1. Considering Cα pairs under 8 angstrom that are at least six residues apart, work out the relative contact order of the stretch B:454-557 and quote it in whole percent.
2. Classify the stretch B:84-204 as rounded, prolate or oblate from the Cα gyration tensor: take a ≥ b ≥ c as the square roots of its eigenvalues, call it rounded if a/c is under 1.5, otherwise prolate when a/b beats b/c and oblate if not.
3. With +1 on each Lys and Arg Cβ and -1 on each Asp and Glu Cβ, how big is the dipole of chain B about its Cα centre, in debye rounded to the nearest 20?
4. Using a simple charge model, +1 on the beta-carbon of Lys and Arg, -1 on the beta-carbon of Asp and Glu, nothing else, what dipole does the stretch B:65-222 show about its Cα centre, in debye to the nearest 20?
5. Under a 10 Å cutoff between Cα atoms, tell me which one of A:230, A:86, A:134 has the largest fluctuation in the Gaussian network model of chain A.
6. Nearest 0.05, what FRET efficiency do residue A:144 and residue B:250 give at R0 = 30 Å with Cβ-Cβ as r?
7. Got a sec to turn the phi values of the stretch B:154-170 into Karplus ³J(HN,Hα) couplings, 6.51 cos²θ - 1.76 cosθ + 1.60 with θ = phi - 60°, whole Hz, x for Gly and Pro?
8. The stretch A:289-304 to the stretch B:100-134: how many Å between their Cα centroids?
Amino acid sequence: MSRRQPLPLTVIGGFLGAGKTTLLNHWLRHAGGQRLAVLVNDFGALNIDAALISANAGDTIALTNGCVCCQIGDDLSLALIKVLDSGVAFDGVVIEASGVSDPWRIAELGRADPGLRLDAVIVLVDASVAQAQSVDPLLADTLVRQLKAADLVVVNKCDLVTTEERQALRRWVDAVAGPVPQIEATQAVVPLALLSALALQCAGDAQTHAGCDHDHSAHTDHGAMFDTWSCQAQQVFDASALRAWLRSPPPGLLRLKGVLRTAQADGQILWSELQFAGRHGSLRALAADAAPPSSGAVVAIGLRGQLPVAALDATLRRAPAQRHSPS
Amino acid sequence: MPNTMTTTIYAARKIITMNAMQPTATHVAVRDGRVLGVGTLQQLAGWGEHQLDLRFADKVLMPGLIEGHCHLKEGSMWDMPYLGWFDRRDPQGKLWPGLRSMDAVVARLVEIDAQLEAAGRPASEPLIAWGFDPIYFGGERMTVDHLDRACQRRPIVIAHANGHLMNINTAMLRLAEITRDNEVEGVVKFASGEPTGELQEPAAMFLVIRKIGSAGLLAPMDEAGVRSFARLACMQGVTTATDLANKLTEADCAVLETALADDAVSIRLLPAFQAFHGTHGAALGAEHVKQLLARNTDRLRYGLVKLMLDGSIQGFSARLRWPGHFNGAPNGIWVMAPAQYEADFETYHRAGLLIHTHTNGDEASEAAINAINRVLTRAPRPDHRHTLQHGQMIDAPLFARMASLGLCANLFANHLWYWGDQHYEMTMGPDRANRLDACGSALAAGVALAIHSDAPVTPLGPLFTAWCAVNRVTPKGRVLGEAERISVPQALHAITLGAAWTLKLDHEIGSIECGKRADFCVLEDDPLEVDPAALKDLRVWGTVLSGRVFPAQTAAA
């Protein structure tokens, strides 16, 4: 039985036309060295440049950048098992939920299977029709269910609506989805650091170490949108105190990821992985046979000017603060 | 092939033709697998040289029964042991008595484990069983305590009848690495925090599926499964059935075509193309089904399309209109978005294909009717025969609209018995449970009506389904909506000509009259003479399919 670290699972939800496929296309093009397994409903809409395709075997398309796309067909379980048992060392799994499905039901796979770790549920909303959908008696409850599952709401197609409409929609999404981040986008262009903890790690590495070999071009374009915070974390944290903090983290935090040492209730000191996205945080001990990291580190991200730096400093850092605003 | 130009005249105690112009007769002449004539021996003798066959002289003939909504899986489920609460007959004709207590379930598992052991099957090979339904056990839940009593070493997986739950033993918990630390709600725990072995919904069940793979529950249909299905159909007097959702890949088609090329396989099948996954495939799907039409034979008919709008009522995943669920559960789910349904429906409709749509809740039925109304306004097509399947909560105003649009209804009458009490008490409450599967309202509105089992969800058996529609009784003794009862002749019509109409085969099957296929259901008893409450107990001798005689296989006593 392999004891690899669990694979992060991202679920992309949202109605047909909200931009799920556009977002996936964008992500696949800028995967920046991540080997992603992407499960989609239908290849029909996935407009991958022929130049990016290295092999096409019916239900599976292999890309030259190491990512693989699989068609779900009628059984998500079987498609996912195929990916997990393929023997390929993926860095993450991304599942496109079908338009009317509840992404949380898929996200639960990430919590159920020890081989997976739920990274985030990302729900796209089409700004140009969301108001109409929100009062459509056939669809309103489905839309609400999706938003309530979201760790990040991407309000897409913002170029098609007025500023007033955007503001009204923002208030409605806030009321329905609760305190999770909303990103306004056109063409589903969203900084990758917001989509995945993998890219976030990379963003943090770029500031704390010079030698990061990943491609940062994808999100430096959007540097104006968010702030990053990071620190070395050498001290030992109390596990139960950290879990309590994760249950109601300071407002403004979009994502957080780190590895640090924690003291368990029984006094044992373990290396643990710290994760937070949207509405879900977790603190999990690293597998006992995993190589221990050389040092602890935490990276966090928030919308520009909204990152709760003081609160992060107070909880996670005792050294002088460093704040970065990539430009 | 039957011998060309050989005429056989069957004498019967009574022939119920379902032809309103000649309701009964004593003799039927068959040539080339078709009905040459119906009447007296003297009338039929005018066709010339013939053989008089007296084997049915003391039997009652009806048109071969037609199951308009079932699945071939009914045949292959029997590769696994059955643990249901109701008696059920397997493809070999053996009757498996229903298991009415946890102890009975455990005892049966002990028996199966011993058989596997005796057959030299390794203890690591999981025992996978189906059909278990704890709703009849008065609230007692199955746990590892029961299953570990049955077997400690061999992993056990028990799939519940509703498809949403599983129970596993400690050996399977270990194999699937399910511990107290698993956070998912679907992993049910004891107060101590240890898992009980009950797994709810896909995420939790995924952990087991991942280990047992496509064994059992997800196994693809094979030829043996089709043969088992045909044997079960013969025992129930069924000569034509649908497989109402089939991906129709080349492999699927090869299984169907190989099995049905054998004249010993006693069924005519209509597989419906599963068109409800993916968002861009409708045009390709329609083209695929049209291409397959060229491969049709007498006993294999491509051309149906299946779409699906919502989930199931007892699983609380159907889409209900106001006032929603009786117990306050939130509304169910769309399997297809209504707008996507309309677009795909239009594509298949314009391709000239016959579309059967799964709609359980009344909101889903209404959404389908609205969509089809718009499509038919844009693209009228005479005599389309599009059909709503299940339609369990359709009321009189919706039936009136269906009639005006030419939509047919195939109602899930078996629910009246199998889940009628649950619908009355939990899902929809008395008012709507009393018009569950409202056959009376459908006929009053002039909607073409068929009724079905959805086998293997409930057992295949149109006479049982007819009994449900005629009596509307539940296991607790309720009568659900006496006014929605239909008469025995109406019910017999629904399982013959009515179903044939929804498959656009009423010119070929569904009644015994000149020119139609020689398809008969051979009965020991007369459905028009027995007490309507005994309709389900009619004895079936076997079938005749396109002139070939198939005695039902009965288990050695």
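1. Once normalised by length, the contact order is 23 percent.
2. oblate
3. Using Cβ point charges on Lys, Arg, Asp and Glu, chain B gives about 700 debye.
4. 220 debye
5. The residue that fluctuates most here is A:86.
6. 0.10
7. Here the 3J(HN,Hα) series is 7, x, 10, 10, 10, 8, 7, 4, 7, x, 9, 9, 9, 10, 9, 9, 5 Hz.
8. The stretch A:289-304 and the stretch B:100-134 have Cα centres spaced 49 Å from each other.
Where a number appears in this text, it was derived from the coordinates with a stated rule and is not lab data. Quick caveat: nothing in here was measured; it's all calculated off a predicted structure. Positions of Cβ are backbone-derived with ideal geometry, glycine not excepted, and every protein chain shown enters the neighbour counts.
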